[in-house]
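The values are calculated or read from the model by the stated rules, or taken from the named source; none is laboratory data. What you see is a predicted model, and the numbers here were worked out from it, not measured in a lab. Every residue, glycine as well, gets a Cβ built from its backbone with ideal geometry; the counts of neighbours run over all protein chains shown. For the accessible areas, the whole protein counts, side chains as well, though only heavy atoms, and no ligand, DNA or RNA atoms are used. Shrake-Rupley method; radii C 1.70, N 1.55, O 1.52, S 1.80 Å.
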Amino acid sequence: YVNDVSILANPIDCKREMAFVPDTPMLEEYMTGIQYLNFICDIYRVPVKTRKAKVDSLIEQFQMEKSINSLISSFSHGMKQKTALIAAFAHDPKILILDEPFIGLDPESFIIFSSHILDVVERVCNKIAVIKDGKLVYEGATEEATRLNNLESFFMELNHADTISSL
């Protein structure tokens with residue numbers, strides 16, 4: 001079920017609530033980046049009135065302004081990855097599945113990274129948030145959280161705490 005809708009009974013409705021970005025995106029290389037994004041927005045029924053602002057904002061955040069009107073076949077792996085991420089975020093999915101989404105991306109392109117693999121989080125993220133039982137229990141700099149020990153130890157300590165800490 002996705003939002004109380006059976007994926008067996010209504011697979012298309014459920015799929016509209018999801019997005020998947022593989023480690024090697026398979027994009028329509030005969031299209032330009034913006035054509036592809038509009039194509040995906042059409043599939044997911046993103047209203048034309050709201051699409052432009054959303055897609056333009058994502059294009060800017062991923063620093064794709066200079067290349068988004070070029071053919072996808074001319075894109076580097078990282079540019080294809082960015083285009084796939086923009087397409088995934090463009091329709092505000094309820095479920096977002098990212099399979100190694102950072103392969104080929106420059107560090108400035110990382111926006112939000114969600115993981116339970118704490119050693120990767122410690123190496124990749126400069127800020128972290130920890131959510132326990134749907135509540136924010138820590139928000140702050142990774143450096144501060146790991147000042148005395150590694151992130152796994154910090155997480156274990158937080159797992160037993162009931163208060164919010166913000167540095």
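Numbers at a glance
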{"read-out": "Long-range Cα-Cα pairs in segment 14-89 (distance over 14 Å), rounded percent", "value": "57 percent"}
{"read-out": "Given the chain, longest segment not containing exposed loop GluC sites (Glu not before Pro) (DSSP; at most 13 other Cβ within 10 Å)", "value": "66-167"}
{"read-out": "Calculated FRET value between E157 and A9, using beta carbons and R₀ = 45 Å, to 0.05", "value": "0.50"}
{"read-out": "Shape of segment 49-96, Cα gyration tensor, a/c cut at 1.5", "value": "oblate"}
{"read-out": "Lys, Arg +1 and Asp, Glu -1 on Cβ, resulting dipole of the chain about Cα centre, debye, nearest 20", "value": "620 debye"}
{"read-out": "Helix 33-43 axis, angle to the chain major axis (alpha carbon atoms, nearest 10°)", "value": "90 degrees"}
{"read-out": "Per residue value of the accessible surface for the chain (all protein chains in place, 1.4 Å probe), Å²", "value": "65 Å²"}
{"read-out": "C-alpha long axis of helix 77-90 to longest principal axis of the chain, angle in °", "value": "90 degrees"}
{"read-out": "The chain: antiparallel DSSP beta bridges as a percent of all, rounded to 5", "value": "55 percent"}
{"read-out": "Within the chain, longest stretch free of exposed trypsin sites (Lys or Arg not before Pro) [DSSP loop, at most 13 other beta carbons within 10 Å]", "value": "95-146"}
{"read-out": "Sorted largest first, extent of segment 5-56 alpha carbons per principal axis (Å)", "value": "35, 30, 16"}
{"read-out": "Rg over Rh, two decimals, the chain (C-alpha only, Kirkwood Rh)", "value": "1.03"}
